[in-house]
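Readers should treat all values here as calculations from the given coordinates under stated rules, not as data from a laboratory. All values derive from a computational prediction rather than experimental measurement. Here Cβ is always computed from backbone atoms with ideal geometry, including for glycine, and neighbour counts include all displayed protein chains.
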Amino acid sequence: MSEPGDIADAALALLSPTAPVRDLEGVRVVVSAGPTREYLDPVRFISNPSSGKMGFAVAEEARDRGADVTLVTGPVNLPDPVGMRVVRIESALELRDAVVEAAHAAGIVVMTAAVADYRAATQSGEKQAKVAGDVTVHLTPNPDILAQLGQEKGDRVLVGFAMETHAGVERAALKAQRKNADFILLNYPTREGTAFGGDDNQVTLVRPDGSHEDWPRVSKREVARRLLDEAARRLPGRVTPPPPH
Ligand code: CTP
């Protein structure tokens, strides 16, 4: 049984006068969140500080708008949200398998996960003891999950995130083109208040043709709301997206 507190929250959300519009009723939404861990041996891994907050916010917003949500998440310090399927993974390969499987019947896929670009070429089954002097780790590239989904895009709306330290719009537009994403939300890890782990985000929506919109600094939940507004407009049979400006 669900926790009583979760049941009370769900009831309050349904009865609230500010309950969100259920415009995603019947739409399957897949969201990836958090970091991946690429193990070198059983006790050491390569990873990054992604908190998962942005992806969880998208998943919760989609759920509250009536979507059938699958959240695939790397190791983060956040409890499983209620009212959705949650798949916990560690490595990029596990993330790929879970996302690709869930994405089959999905209308919208949002990749907020900070996927490690490389993994150890050979993963040792035993803890590696220290040796004198420098060591070299041989890394091999991980698959690009968003690009893989983009190759068989169909009617699915694909949304990516990108962190850039320079030439952001140009690089994000190229990424959107290369991965066949509908749009990418670009953010800057160095910007105050919106860095890894924060509750706010300030992003720029970038389309493959390079047109873009700067959004103000708002909560991650508000970014999620705007992201899903933009994605929902692109679903087949919905109002066509406004022309880029
Ligand atoms: N992504 C993915 N699979 C990967 C790497 C990234 O699906 N192996 C997704 C991310 O979840 C994100 C988008 O692609 O939505 C852009 O991620 P980013 O790391 O900025 O792109 P990269 O292609 O890795 O580019 P860079 O060379 O800048 O690292």
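The table for this structure:
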| read-out | value |
| --- | --- |
| Fewest-first sequence of Val137, Val206 by Cβ atoms within 10 Å of each Cβ | Val137, Val206 |
| Among beta bridges that DSSP assigns inside the chain, antiparallel share in %, nearest 5 | 35 |
| J(HN,Hα) series, segment 92-105, from Karplus relation 6.51 cos²θ - 1.76 cosθ + 1.60, nearest Hz, glycine and proline x | 4, 5, 5, 4, 4, 4, 5, 5, 4, 5, 5, 6, 3, 9 |
| Positive-end extreme of charge dipole, segment 16-146 - chosen from Ala62, Tyr39, Gly26 (charges on Cβ) | Tyr39 |
| Pair His166, Val76: separation of 7 Å Cα→Cβ label points (nm) | 3.0 |
| Cα long-axis angle, helix 4-15 against the chain (0 to 90 degrees, to the nearest 10) | 40 |
| Ala121 versus His138: modelled label distance in nm, points set 7 Å from Cα along the beta carbon direction | 0.4 |
| Value at 222 nm in deg cm²/dmol, rounded to 500, when DSSP H runs of n ≥ 4 in the chain each add -39,500 (n - 2.57) | -8500 deg cm²/dmol |
| Cα centroid separation - segment 98-133 against segment 1-73, whole Å | 20 |
| Normalised contact order of segment 76-142, rounded percent, pairs of Cα under 8 Å and 6 or more residues apart | 32 |
| Taking Thr190, Thr36 and counting other C-beta atoms within 10 Å, the order from fewest to most | Thr190, Thr36 |
| 5 angstrom amide H check on Asp68, placed H, neighbours 5+ away | Gly26, Val27, Arg28, Val29 |
| Calculated from backbone phi, Karplus (6.51, -1.76, 1.60) coupling profile of segment 176-188 in Hz, x at Gly/Pro | 4, 5, 4, 9, 6, 8, 5, 6, 10, 9, 9, 9, 10 |
| Rg/Rg_ref, the chain, where Rg_ref = 2.2 N^0.38 Å and atoms are Cα | 1.05 |
| Amide H contacts under 5 Å for Tyr118, placed H, 5+ residues apart | Asn142 |
| For Ile46, Ile7, Ile108, Ile89, order by how many other beta-carbon atoms lie within 10 Å, fewest first | Ile7, Ile46, Ile89, Ile108 |
| Approximate spin-label separation Gln128-Thr190, in nm, with each point projected 7 Å along Cα-to-Cβ | 3.1 |
| Within segment 84-211, percent of DSSP bridges classed antiparallel, to nearest 5 | 40 |
| Relative contact order of the chain, pairs being alpha-carbon contacts under 8 Å that are 6 or more residues apart, as % | 18 |
| Share of alpha-carbon pairs per 10 Å distance bin for segment 155-234, given as whole % | 20, 53, 26, 1 |
